[in-house]
Amino acid sequence: MSIQETQAPVLVVRDLVRRFGDLTAVDGVSFAIARGETFGLLGPNGAGKTTTISMVAGLIPADAGTVTVGGEQMSPRSVAPKRLIGLVPQDLAIYPELTARENLTFFGRLQGIGGAALKSRVEEVLSLIGLGERAKEATKNFSGGMKRRLNIGIGLLHQPELLILDEPTVGVDPQSRNSILESVEALSGEGMAVLYTTHYMEEAERLCDRIAIIDSGTVQAEGTRDELIRLTGGVDHIRLEGSGDTAAAATLLRELPAVQAVDADRHSLVLTVRDAPTAVAGIVNGATNAGMSLADVQISRPDLESVFLHLTGKALRD
């Protein structure tokens, strides 16, 4: 049974539409996110991700459709549901002359936190985002990745029910990117609902319980990683390279239950299989027993890039 079926969703988006003149930037987008779930909007730049979350956060009105957060309907004039949201935009929202601690304290006061509770929460967030040792340093001296982590920390201060992260790793170095991803991974474990937009396939695969693939303002498909990959047929490929009797090996391997097809040439075999990690040991043993001396074994499995190509006819970063 899925998370959505066992818990009331924190966020429900139904049939959202947003037009800018003759351009329909978002066209009938729907999804829901439960407490403790990380939901990804995966698509290229210009797909409609930022416009969607701008409507979710009540920054811009929808031309059609509804958004509810914690059971409250969202609009630009809404107050109650906005209190339940932590929004981390692409553009940095920090004061460069203030220290990390001062930035967090300032934004915490804006969010209605004060006294000992604010002081304690600031220290908790500094630890979570890995900036405790740099808390007294002006943020103008921070790297891009540190600024991004502080941006996330500001969104977390008031312990929102829904955290919205819009492309939080754009333009940061690999080490900072990994630190950001580790921070996000910890959030759903604390019971927070997370809406995460990205055009990086590997981030969606690593972080998200469910993913909506979005392109040209439309959700092309939604589901878990495995559910989406099944849309491509869900088959894996195993490539065997070596010498010896490849023809005999091909004949034997075609008889294995896991093998759907075998393409053979003089020095290699390419097998189409289901669940390659489970099947590979028997395939290697079979090829060896048939007289093939193996030099290399490679497994390739479909990924979200394959799904996007299958659904849209173009690569994710086109």
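The values are calculated or read from the model by the stated rules, or taken from the named source; none is laboratory data. Quantities reported herein were computed from a predicted structural model and do not represent experimental measurements. Cβ: placed from backbone, ideal geometry, glycine included. Neighbour counts: every protein chain shown.
Listed here are the residues, each with its yes/no results for (1) more than 17 Å from the chain's Cα centre (by Cα); (2) more than 24 Å from L311 (Cα to Cα); (3) basic (K, R).
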| position | (1), (2), (3) |
| --- | --- |
| G28 | yes, no, no |
| G40 | no, no, no |
| G48 | no, no, no |
| T52 | no, no, no |
| I60 | yes, yes, no |
| V69 | yes, yes, no |
Requested in this report: From the list V273, V307, pick out the single residue that is within 29 Å of S30 (Cα to Cα), buried (at least 22 other Cβ atoms within 10 Å of the Cβ) and either touching a helix residue (DSSP H, G or I) at 6+ places or on another chain (Cβ under 8 Å) or modelled with pLDDT of 90 or more (or both).
Outcome: V307
Query raised in the report: Among (1) at pLDDT 95 or above; (2) in a loop (DSSP other than H, G, I, E, B); (3) at positive phi, where does L59 come up short?
Result: (3)
Requested in this report: Would you list the helices (runs of 4 or more DSSP H) that sit entirely within the range 233-318 and hold 2 or more residues that are of a type in the set (A, V, I, L, M, F, W, C) and under 30 Å from G46 (Cα atoms)?
Outcome: 304-312
Query raised in the report: What tally of residues in the range 190-235 results from selecting those that are among the small types (G, A, S) and out of contact with any strand residue (DSSP E or B) (no Cβ under 7 Å at 6 or more places or on another chain)?
Result: 4
Report summary line: Within the range 68-84, of all residues that are basic (K, R) and in a helix (DSSP H, G or I), the one farthest from T197 (Cα to Cα) is R83
Report summary line: Within the range 85-120, of all residues that are buried (at least 20 other Cβ atoms within 10 Å of the Cβ) and touching a Gly at 6+ places or on another chain (Cβ under 7 Å), the one farthest from T198 (Cα to Cα) is L104
